[in-house]
Amino acid sequence: MRAVKIFSVLSAAVVCLCSCGGTKSVSEQAAEPAAAASAEAETTVPFGGIVPKEEKFKGANGFDVDLTELSASMVYAEVYDMVYNPDDYVGKTVRAKGPFSYFKDEATGKEYFAVLISDATACCSQGIEFVLDGDYTYPQDYPAVDTEITVNGVFNYYKENGFTYCQLTGATLEDSKLSW
């Protein structure tokens, strides 16, 4: 039984290591001009990709990061990067689309508003909190929970109770009059 478990783990490791890679050997990849670029001109993104820093935040429609124009897999990867490398995004304008979510911490009375981002299979999701620019009251000034929204704002993050939370400050809901 132990041999079967070890074989299963080794098989899974081989599949994981081989399935996402290209056909070039490590020495061939190292010889490419992109690999010779300085570390300061590059940044690593999820799944081992390398993107030049000056191109990382070039977005369409005037946003530094426009999540509405990416595939579901790429959106989730970008949000994953935002969560685990938040310093790279601070001050960038971000646009996101997904279901509206609301949470109220009964202990503190604090309200949280977020847009949910799902992966391609919709089995995992990550919320990006947003703080609307202006004076709004929930529920009358917000959409119904699970309504599809597009929100944009300036990326920021904060730590609370040992966790890091991403948020869009000075946010606006697009295509809305906040009269849901």
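Just a few scattered comments:
- Length gained on full extension, Glu69 to Tyr102: 9.4 nm, using 0.36 nm per residue less the C-alpha separation.
- The label-point distance for Glu111 and Asp146, in a model that sets each label 7 Å from Cα toward Cβ, rounds to 2.1 nm.
- In sequence order, the range 90-97 has phi-based couplings of 3, x, 7, 7, 10, 10, 9, 9 Hz under the Karplus curve 6.51 cos²θ - 1.76 cosθ + 1.60, θ = phi - 60°, and Gly or Pro positions carry x.
- Across the range 61-180, Cα-Cα distances exceeding 21 Å account for 34% of all pairs.
- Peptides 63-72, 146-155 ordered by average Cβ neighbours within 10 Å, highest first: 146-155, 63-72
- Within the range 61-180: Cβ-based charge dipole about Cα centre, in debye rounded to nearest 20 (Lys, Arg +1; Asp, Glu -1): 80
- Taking Cys123, Cys166 and counting other C-beta atoms within 10 Å, the order from fewest to most: Cys123, Cys166
- Simple label model, 7 Å out from Cα along Cβ direction - Tyr136 to Ser118, nm: 2.2
Here, each number is a calculation from the coordinates, and none is a lab measurement. Note that the structure is predicted; figures quoted are calculated from it, not measured. Virtual Cβ from ideal backbone geometry, glycine too; neighbours counted across all protein chains shown.
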